[in-house]
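Asks: Submitted below is the structure of interest, expressed as structure tokens.
Computed from the coordinates by the stated procedures, all read-outs in this text should not be read as laboratory data. Note that the structure is a prediction, hence the values are computed from the model and not measured. We place every Cβ from the backbone using ideal geometry, glycine too, and count neighbours over all the protein chains shown.
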Amino acid sequence: MKIRRALACLLLAGLLPPGSRAAGPNPAAGASPIVAAAADVRFALDEIVARFQAETRKNIRISYGSSGELTRQIEQGAPFEMFLAADESYVFRLADAGRTRDRGTLYAIGRLAIFVPRGSALRADAELRDLRAALAEGRIVRFAIANPEHAPYGRAAEQVLRSQGLWEPLQPFLVLGENASQAAQFASAGPAQGGLIPWSLALAPAVSALGESALLPEAMHEPLRQRMVLLKSAGKDASAFYAYLQQPAARDILKRFGFLLPDETP
Amino acid sequence: MGEREGLDVRVRGEQPFAFDAAFGCGTAEMLAIVGPSGSGKSTLLRCVAGLVTPRAGRIGCGGEVWFDAASGVDLPPHRRRVGFVFQSYALFPHRTALGNVAMALGHAPVAERDERARRLLAKMHLEGLEQRRPAELSGGEQQRVALARALAREPKAMLLDEPFAAVDRATRKALFRELASLRHELSLPIVLVTHDLDEAERLADQMCILDCGRVLQTGAPREIREHPASAQVAGLVDAGDD
Amino acid sequence: MDRSALALSFRLGAFTVLLLLPIGVALGRWLAFTRLRGKGGAEVALSLPLVLPPTVLGYYLLLAFGGGSALGRGFEAIFGHTLAFSFEGLLAASVIANLPFAIQPMQRSFEGIAPEIREAAACSGLSPWQVLGRIDLPLAWPGIAGGLVLAFAHTLGEFGVVLMVGGSIPGETRTASIVIYDRVQAFDTAGAGAMSALLLVLSIVALGVVQLLSSRVGRRHG
């Protein structure tokens, strides 16, 4: 008898209108679109969105994460309308699976930097000489990078360290961030002596105030070809934003955060 | 044995202890089930009330069949008209004395319930205490509320579980008088369960000696005392004297 | 202070509690009064979310109603959007994760009712439904309320399960606890601090209420 009552209640609960939504994922209903964006574009994209909203009065919601994580969510059916990845392979993967409108557009080339917080035993230099010395002298306790498994900047960091012969020696000291901005967060907080983080984050005022950084040469890693794409469910506003990102105003902001723009690369 | 108008019980079962007993109680008759603690007296009472389901047997009361294993009849307690007075009184702690009695008047028209409850409490000499919660009543008063509640049900049988167990001397005397007068007033079978042989002998018309879930002897109290059916009965009767 | 995230957390808590009220009462009462042999097994199963790492719970929930599952596809067919990464998915996960927080106090409360009182009710003519409404619920309500408050407070703090099942979708599944995580990654320590302080205060208040209610349970049956 108690079971009967429990079942009745469950049924009733199922009839509840789907929890009131701030804005549904259905673009046709005019709800503000949700954009998935790799963590490295955080500060730049926040600024671009603010400008877009001021100019067009359209709202954009952003969900930041690692490119791999966001791709997984999209494959699981997450209601994103647009995806800015930090590596184009993720976009192609989604395109091949038929989840996107087309094969997307290159919107930026990313750069990697070494960051050391204030008072760190490490010094930031573009050839990683001090990092090498610090390792030899035992000055390193923790060093942060993004997780290479699903964050393109983590993969780039691994490539850099391998090319310099520092990957193996650094293993016991590595701390992995879930995404590029968590890596930056780890790198800027003790007990880490520093880390390899996106140049775009190192340039952001909130981060640069916390320490020193140095831009690493492109040759140290595979290019971070950052690609964006509209997903199948994209609506009018998402399309408008997609177009906006390719306009001068947005590109200027990207440049200011250290990104190389696709048609300006040699 | 012919069908009695009162209570007729024949039951057998294993839960919570093994029991196999048969007894009867006529209307306007008081039966005392006597035995040492652990003999299964309460279990038998609970069978009659429908709180325990025996494995086999038959329980009939006032012409109704309350339980019959053979034909699959098993009325739940709320469909049997029993007045059960628990050893711990089991009053509803969140209701007043009046509320407790009124709870048992579900079968009466709503408009009459309050009045009837009041009258029953008055009958039990509890006027003025209607609005008290059980926690604010003495042990004796609580017992009388429990009695009033049981009577409110207009039961076909009254069942009392160890009514003399937790009461002091003065209350015992009052209770004794109460039960004696009830016996005369109501023409109901009244079954009393007790290990107090003395009171049982004084109150009851019939006695039933129980041990380990089995009835050892049934009869008038004097009968049993003068002619115990076995050494075991004699021993129990003597032990009950202490 | 991210108000929409706070509102979302509150809505999640409220709906979770709304669903847990009938479910918790039904299961808590059944566990308190049943003498079924399988009862111990049921208790263990229902207590699992207490000790299970949230990520394990999240993993299995995603398996159960993620994009590829039958449940997920069925839901999408009916309602037009996925179960995972939606408020409904969070709600389902939250109800499951909070079952023991609701059921256990309720079960204790029902167990605290002396069996003879319920027997007396039955003998007084109350049907099982009437016993539920006039005896069980009034006597057990402190435990019921306590369980709901505990579940509400716990929902406010849910993180692992929410992140795995819901992602971090603003206005949809980005609850207060996720915003704090996000604020830290955005180097907004002030924002993270403000929200953390608020949640801390709310948790303390909730525990205080639960404490008050459980002392009432003691007094009722004393």
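Asks: With the alpha-carbon atoms as the only input, what is the per residue convex hull volume for segment B:96-154 in Å³?
Replies: On the way: hull volume 3.7 nm³, N = 59.
About 62 Å³ per residue, rounded to a whole number.
Asks: Something else now. Order of B:D114, C:D136 from fewest to most other C-beta atoms within 10 Å?
Replies: Going from least to most buried by this count: B:D114, C:D136.
Asks: What FRET efficiency would be calculated for the residue pair A:A219, A:D46, taking the C-beta separation as r and a Förster radius of 25 Å, to the nearest 0.05?
Replies: The formula returns an efficiency of 0.25 here.
Asks: Using a 7 Å offset from the Cα along the Cα-to-Cβ direction at both B:A229 and B:E5, what is the distance between the two label points in nm, to one decimal?
Replies: The modelled label-to-label distance comes out at 2.6 nm.
Asks: Further question: Taking the Cα-to-Cβ direction at B:R177 and at B:A135 and moving 7 Å from each Cα, how far apart do the two end points lie in nm?
Replies: Between B:R177 and B:A135, the simple spin-label model gives 3.2 nm.
Asks: How high is the FRET efficiency between C:L50 and B:S187 when r is their beta carbon distance and R₀ equals 56 Å, given to the nearest 0.05?
Replies: Efficiency for this residue pair is about 0.45.
Asks: So if I take the centroid of the Cα atoms in segment A:105-167 and the same for segment B:135-172, what is the distance between those two points in Å?
Replies: Centre-to-centre distance over Cα atoms comes out at 84 Å.
Asks: Excluding residues on the same chain fewer than 8 positions from B:K123, give the lysines whose Cα lies under 24 Å from its Cα.
Replies: Answer for B:K123, where 24 Å is the Cα cut-off: B:K156, B:K173, listed by chain and number.
Asks: Given Cα pairs under 8 Å that are at least 6 residues apart, what percent is the relative contact order of chain B?
Replies: 28
Asks: Based on the alpha carbon coordinates of chain B, what radius of gyration and maximum Cα-Cα distance (Dmax) apply, in Å?
Replies: When restricted to Cα atoms, chain B yields Rg and Dmax of 17.7, 57 Å.
Asks: Let me ask something else about it. For an R0 of 56 angstrom, estimate the FRET efficiency from the Cβ-Cβ distance between A:W167 and B:R79 and round to the nearest 0.05.
Replies: Values: r = 80 Å, r/R0 = 1.43.
After rounding to 0.05, the efficiency reads 0.10.
Asks: Please compute the contact order of segment B:96-154 in relative form: average sequence separation of alpha-carbon pairs under 8 Å and at least six residues apart, divided by the residue count, as a percent.
Replies: Once divided by the residue count of segment B:96-154, the mean separation gives 53 percent.
Asks: On to the next question. Starting from the 7 Å offset along Cα-to-Cβ, what nm value, one decimal, do you get for the label separation of B:D238 and B:D68?
Replies: Going from the B:D238 label point to the B:D68 one covers 4.5 nm.
Asks: Of all the stretches in chain A, which is the longest one without any exposed loop site, taking GluC sites (Glu not before Pro) in a DSSP loop (any state but H, G, I, E, B) with at most 13 other Cβ atoms within 10 Å?
Replies: The segment A:1-126 is the longest one with no such site.
Asks: Here's a follow-up. Let me have the relative contact order for segment A:110-220, percent, based on Cα pairs under 8 Å that are six or more residues apart.
Replies: 42
Asks: If you don't mind, there's one more thing I want to ask. Of all trypsin sites (Lys or Arg not before Pro) in segment B:8-98, which ones are in loop regions per DSSP and have a Cβ with at most 13 other Cβ atoms within 10 Å?
Replies: Passing both the DSSP loop test and the Cβ count: B:R55.
Asks: Report, to two decimal places, the Cα Rg of the protein assembly as shown normalised by 2.2 N^0.38 Å (N = number of residues).
Replies: 1.41
Asks: What do you get for Rg/Rh of segment C:124-222 when both radii come from the Cα atoms and Rh is the Kirkwood radius?
Replies: Details: Rg = 19.4 Å, Rh = 16.2 Å.
Dividing the radius of gyration by the Kirkwood radius yields 1.20.
Asks: Show which aspartates and glutamates lie in cross-link reach of A:K58 when reach means a straight Cα distance below 20 angstrom and same-chain residues fewer than eight apart are skipped.
Replies: Partners within reach: A:D46, A:E47, A:E81, A:D237, C:D2, C:E172.
Asks: Where does each of B:S138, A:S188 land when they are ranked from fewest to most other beta-carbon atoms within 10 angstrom? Spell out each step's value before the answer.
Replies: On the way: B:S138 11, A:S188 26.
Ranking B:S138, A:S188 by Cβ neighbours within 10 Å, fewest first, gives B:S138, A:S188.
Asks: When all C-alpha to C-alpha distances in segment C:3-221 are sorted into bins of 10 Å, what percent of pairs does each bin hold, rounded to whole numbers?
Replies: P(r) over segment C:3-221, rounded to whole percents: 8, 29, 31, 20, 9, 2, 0.
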